[in-house]
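Let me begin by presenting the structure, written as structure tokens, before commenting on it.
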Amino acid sequence: MLKRLSVVVAVLLTALLLQFLQNKVLVGDQDLQAEIRPAAEQPAESRVFDVVLKDAAGNPIEALPQEADEVRRRLAGNARDAAIAVTEVAHDPAAHRIRVVAPATIDELALRQRLTGRTYTRGNEVREFWHVNLGIDLRGGVEFTCRLKNELGQVVPADDEVIGTLRSRLDERGLTEPVVARLSNGDVQIVIPGGTKADAARTRKVLETTGRLEFREVIAEYPNQDFPSTKAGDPTCAWTAVGNGLYRFNPRVPVGTRQDVIAPEEPPPGLEPDRFLHLGPVRVSGKDVSTAAETLHNGEPAVSITFTAIGTGKNHEFTSGIKERGDKGAGTGRLAITFDGVVKSDPRVIEPSSRDCVISGRFTSEEIADLRGVLKAGSLAVTPEILSERVVGATLGHQEIERALVTMAWCLTAIVAFLGWYYRRLGLVALAAMGVCGMLTWTTLSIFGATLTLPGIAGLILSIAMSIDTNVLVFERIREEMKEDKGLPAAIEAGYDRAFLTILDSNLTTMATGLVLYMIGTGPIKGFGLTLIIGIAISMFSGLYLGRLLTDWLCRGRQSISLSSFFKPLPFGYVRLRIPMYILTFVTAIAGMGYFAFGHKLTPGAGFDRNFDIEFTGGTMVQVGFLAEQSKDAIDQRLAAAWATVPEAQRGSSLLNPEEIQAQPYFASLAQAGTASRQWVFRVRDVEGAGLERERNELEQQRGELIREIERLRGATPPDTAGARVVERDRLNPLSARIATQSEAISQRTDAFKVAIGQAFAGAVAAEGDEVLTTSFADNRLSVAVALLEPATTLQAEEIASRLANLGRTVTAKAVGSTLELTVQYADRPRPGAGAVEAMDAIAKRCAGLLVTGGIAEADAKPLGAVAGEVVERLVDAAAAQRIVVAQPFPASQHFSGQVADRMKWQALVACSLALVAMLLYIAARFELAYGFGAAVSLLHVVIQTVGLAVLFGIRIDLTVVAAVLTVIGYAINDTIVVYDRIREYVGKMAGKPLDQVIDAAIADTMPRTVLTGGMVIVALIFMLIFAGDSLQGFCATLLIGITLGTYSSVFIASPLLLSFRRQVEAGAQAPAAPVVDAKPAE
């Protein structure tokens, strides 16, 4: 007993220690990069510089006094670096930066190198001890909107490959369960649950990374004698800027092949690149890399690369050729290693390399970790650009969450009370095992960084409740042993020994299923597999190891204990009913599959998508900015009132059904997230729009193939220009027209939802264009001021002005409270683009009206208003990139795709199928092949019937329903194994008896455990279904259907199926090796 106690204490203390380290010590650091900027005002006798700190994504963040101290330490020098004399280093909290005042003779280059050469490290905030990441439904998260651009800087729509790659990258960061969806305009929307500012910055960096690791030969270096200029666009400059960090050759530069590129060397932070390399075609890429790890090179962080077998050969051939050409003077002898189009390293090849190489450059440990994940997930052929970053609130209201949690607590309390009554003293063992199981499960979720949603909490409570099955199996065995007139110590010993193999087999079978789901699945399926494995291990430890310790301790010195015997074995001819049960099961399974596949044909206008919820089908969303803060209750009341005015005949096609609409608030930061907000996003399931979106995506794929075909024709030798024109005229142009028609139909759906929401909240939403407060024009200087939802900082205003520097000769931005003013100085009077005046939107008309009010003639105000409208549009985008929100009444309205892509659906199906095969093989190995086939057929029927009945009862399939079905698989196989183990035991005890009698006896004697475990879970699910609210209805209803069917299947399907494979058992064929105590099984 002392040994068991020591192990249990050690496990608990280890778990608590790891929990403490995870949330209090190992919270991680944030790498910040400094940028040096000359101050706007420069005194004659000194130089003034501003040190601005930026996070991993390049966003300016507030400098703290500790960073000012670090600046002072760096300037003071050390044994290796001499001190740099400055007059003052001051922390400026108002401007969120550090100001350095230096003598006029300061060496600016040395100052930059000293302050920006190494990153600044800031520790992340410590978390609460019991902290676990909460999902979007409970806490909200951070929403990103990405626009994709190709190598020419042209905007391109996202496809399934891009969506899959981005999701894989985010999955590499852990069990965050992100939401990734494609918008109807081709952009991508990503939402990560919870997190900190550091998490958001790192996510943004991961999203903006294309992941293109390339090895190319250096052809030439610029500037050089032929192209001496470093000003992009000059005739003597070798490069021109495309935008978004991309460059291309000056047409005058001689280029060897179409695959040649020009790439900048990575400049110091805050400086524009001024050294470029002409690089040859890609010879080795990230696809040829096997692993990437962090190492040191000359004392600085670097990346160690190991190539695949194919990559090793390609790298050796590539580097050998470079060295050979360099030795002959036919080349530079250098290779360039680029990442995302930036040269990280360009070493001279001294000796050819093969399997390994090291990439040096300006890397941080965080960037190297992200690089590993990006290389594993794959590269992108396009460059993502973050358009906006917003904090979104929880999808569920506070009252909804509270109601669900209270219901779960009452259910758990009821289970605890029942166990205490039924098992008396042993009930205390079950209660303690449940408590330890719950604590260890929670701790493990925290240590692994898992994300917990409301259905996840419900599943956690159910898994804790289901963990008592281990105790129930043991206790019922002890009861049986005591009926044989054994003393209590002997009964306890035999009870735990006899139950051990049953528990081991049932749990290992389920664990094998979880292992396959974890190894093959992606996203939520992968996360479910891991938590399933962890939960089973914890359940076995708490039920068997801790349970045995507590049982011995509580029963020491006793020869008997009192146990309730309300549930007794139920002798019955179960096998006799197999034929009608087979027929019932077959008919209902066929009916379930049929209704799932073809039930939509019974409803006019419905499609197959009617089986799925918004996470699979996608829908329409509208962002709304209100005049005042709105609470969730106020939103729900206005939606309900609007729905009441919709005529009954129009409700089938209306998008205003409150039960279908998801409302989520936006906040300035996660720390400020509450229940009321001025800006909300409304999402609604739109099956018709989903069909249009799917058709358009198919057309887009066809269009992409045609474009590639045209490029091949034009790039052929000799170019087939005529053939390319024919393809463009006869096939590409008509297809583009069809795509435009589909896009217009989708736009009409989103506009209809936008109008409906606007009418529902009439009077609470400002008119479009009211976000523009002032517009003025004088001396070729245009000024516009817009209202903000939250005040902006001076640093953010400067970043916005920097982003919009190409609008005019000079651009300045000024933040005053919740107002942002932008001033553009033009060289000449600005003129709008062709057709801009005729196509003026609400914002441009508002600007024109304000100009007229300011004294400008109407004839002049219209073109200037059109120009001002374009400026405001650019200002809104630039502000969004800096996490500043302009108070627009309707910032965006788009259709979005389902977050579960087709590839994920197939991967999930494959994972589940392989899990079924793994389960069959394990059972066949531990029992017999007949048992394996019986369990597989039974489980297949449970899944089919569960899905079919769920759809029949109007439950739409979403990710929570998928999680429920996976939980049902674990429960059903566990139930089946318990009965199978007893059958195997009774085959030896009842040697020579007909198998149907053996099966009936085994089922009868396991019935108390079946009723206890299944009954408690089913009753708990019924209570949660009734009282926990709408948010858990689909999850609980699916579980209720599945667990009921699983219990039925283990008794009436899985066990009788053995007769189909084993009609007769020979005496002693499976008799156990150990001595068997005589029993009197039910006849």
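For Lys287, list the lysines whose Cα falls under 28 Å from its own Cα; do not include residues on the same chain fewer than 8 positions away.
Lys149, Lys205, Lys314, Lys323, Lys344, Lys376, Lys526, Lys905
What is the sum of charges around Lys231, taking Lys and Arg as +1, Asp and Glu as -1, for the other residues whose C-beta is under 14 Å from the C-beta of Lys231?
Computed value for this residue: -2.
Going by amide H atoms built from the backbone, whose H comes under 5 Å of the H on Ile957, apart from near neighbours?
Residues meeting the criterion, in which the H sits 1.01 Å from N, are Phe612, Asp613.
Using +1 on the beta carbon of Lys and Arg, -1 on that of Asp and Glu, and nothing else charged, what's the dipole of the chain about the Cα centre, debye to 20?
2120 debye
Hey, could you pull the Cα Rg and Dmax for the chain, both in Å?
Calculated on Cα positions, Rg and Dmax stand at 34.0, 108 Å.
Mean projection of the alpha-carbon convex hull of the range 133-207 over all orientations, in nm²?
That works out to 5.2 nm².
Relative to the compact globular guide of 2.2 N^0.38 Å, what is the alpha carbon radius of gyration of the range 683-836, as a ratio?
This ratio for the range 683-836 stands at 1.57.
Relative to the longest principal axis of the chain, what angle (0 to 90°, nearest 10) does the C-alpha long axis of helix 929-952 take?
60 degrees
Are there any trypsin sites (Lys or Arg not before Pro) in the range 645-725 that are in a DSSP loop and have at most 12 other Cβ atoms within 10 Å? List them by number.
Loop-located and lightly packed - Arg651.
Grab the DSSP H runs of the chain that are 4 residues or longer, score each as -39,500 (n - 2.57), total them, divide by all residues and round the 222 nm result to the nearest 500 deg cm²/dmol.
Only helices count here, giving -16000 deg cm²/dmol.
To test your reading of the geometry: what angle, between 0 and 90 degrees and rounded to tens, separates the Cα axis of helix 858-881 from the longest principal axis of the chain?
50 degrees
Does anyone have the angle between helix 425-448 and the longest principal axis of the chain? Alpha-carbon axes, 0 to 90°, nearest 10?
It works out to around 20 degrees.
For the range 133-207, what's the relative contact order in percent, using C-alpha pairs closer than 8 Å and at least 6 residues apart?
The value is 42 percent.
With a Förster radius of 56 Å, plug the Cβ-Cβ distance of Ala293 and Asn657 into 1/(1 + (r/R0)^6) and report the FRET value to the nearest 0.05.
In this case the efficiency is close to 0.60.
Can you give the translational diffusion coefficient of the range 772-889 in µm²/s, computed by Stokes-Einstein from the Kirkwood radius over Cα pairs at 10 °C and 1.306 mPa s?
Estimated via Stokes-Einstein, D reaches 113 µm²/s.
Give the order of Lys754, Lys601 when sorted by the count of other beta carbons within 10 angstrom, beginning with the fewest.
Fewest-to-most Cβ neighbours within 10 Å comes out as Lys601, Lys754.
Give me the net charge of Ala690's neighbourhood, meaning all other residues with Cβ under 12 Å from the Cβ of Ala690; Lys, Arg count +1, Asp, Glu -1.
That sum, taken over residues with Cβ under 12 Å, equals -1.
In a Debye calculation with equal point scatterers on the alpha-carbon sites of the range 191-295 and no solvent, what is log10 I(q)/I(0) at q = 0.22 Å⁻¹?
-1.22
What is the local net charge at Ile843, summed over the other residues whose Cβ is closer than 12 Å to its Cβ (Lys, Arg +1; Asp, Glu -1)?
Net charge in that neighbourhood comes out at -3.
Report, as a whole number in µm² per second, the diffusion coefficient that Stokes-Einstein gives for the range 211-379 at 4 °C and 1.567 mPa s using the Kirkwood radius over alpha carbon pairs.
D, rounded to a whole number, is 78 µm²/s.
Give the order of Asp730, Asp55 when sorted by the count of other beta carbons within 10 angstrom, beginning with the fewest.
Asp730, Asp55
Which length gain, in nm to one decimal place, applies between Glu873 and Lys3 when the Cα-Cα distance is subtracted from 0.36 nm times their residue separation?
So the chain would gain 306.1 nm between Glu873 and Lys3.
How large is log10 I(q)/I(0) at q = 0.11 Å⁻¹ when the Debye formula is applied to the Cα atoms of the range 943-1026, each weighted equally and without solvent?
For the range 943-1026, the Cα-only Debye profile gives -0.44.
Can you give the extra length, in nm with one decimal, that the chain gains between Ser562 and Leu921 once fully stretched, where that is 0.36 nm per residue apart less the Cα-Cα distance?
So the chain would gain 125.1 nm between Ser562 and Leu921.
Hey, can you grab everything whose amide H is under 5 Å from the amide H of Arg678? Only 5+ residues off in sequence or another chain; H modelled, so Pro and N-termini drop out.
Amide H neighbours of Arg678: Gln630.
Listing Lys231, Lys993 from the residue with the fewest other Cβ atoms within 10 Å to the one with the most, what is the order?
By the 10 Å Cβ count, ascending: Lys231, Lys993.
Above 13 Å lies some portion of the pair distances; for the range 534-587, what is it as a whole percent of all C-alpha pairs?
77 percent
Taking R0 as 41 Å, what's the FRET efficiency between Glu493 and His131 from their Cβ-Cβ distance, rounded to 0.05?
For Glu493 and His131, the calculated efficiency is 0.45.
For the range 619-760, count all C-alpha to C-alpha pairs, find those more than 21 Å apart, and express that count as a whole percent of the total.
Value for the range 619-760: 58 percent of Cα pairs lie more than 21 Å apart.
Placing one identical point scatterer on every Cα of the range 1-112 and ignoring solvent, what is log10 I(q)/I(0) from the Debye formula at q = 0.10, 0.19, 0.22 Å⁻¹?
So the normalised log intensities are -0.46, -1.02, -1.22.
Pull out the extension gain between Asn806 and Ala722, defined as 0.36 nm times the separation in residues minus the alpha carbon to alpha carbon distance; nm, one decimal.
26.4 nm
What number, in percent, do you get for the relative contact order of the chain if the mean sequence gap of Cα pairs under 8 Å and at least 6 apart is divided by its residue count?
Relative CO of the chain lands at 12 percent.
Relative contact order for the range 211-379: what percent, with Cα pairs under 8 Å and sequence separation of 6 or more?
Relative contact order comes out at 27 percent.
Bear in mind these aren't lab numbers, they're just calculated from the coordinates by the rules spelled out. Every value quoted in this text rests on a predicted model; they were computed, and no experiment measured them. Ideal geometry is used to build each Cβ from the backbone, glycine not excepted, and the neighbour counts take in all protein chains shown.
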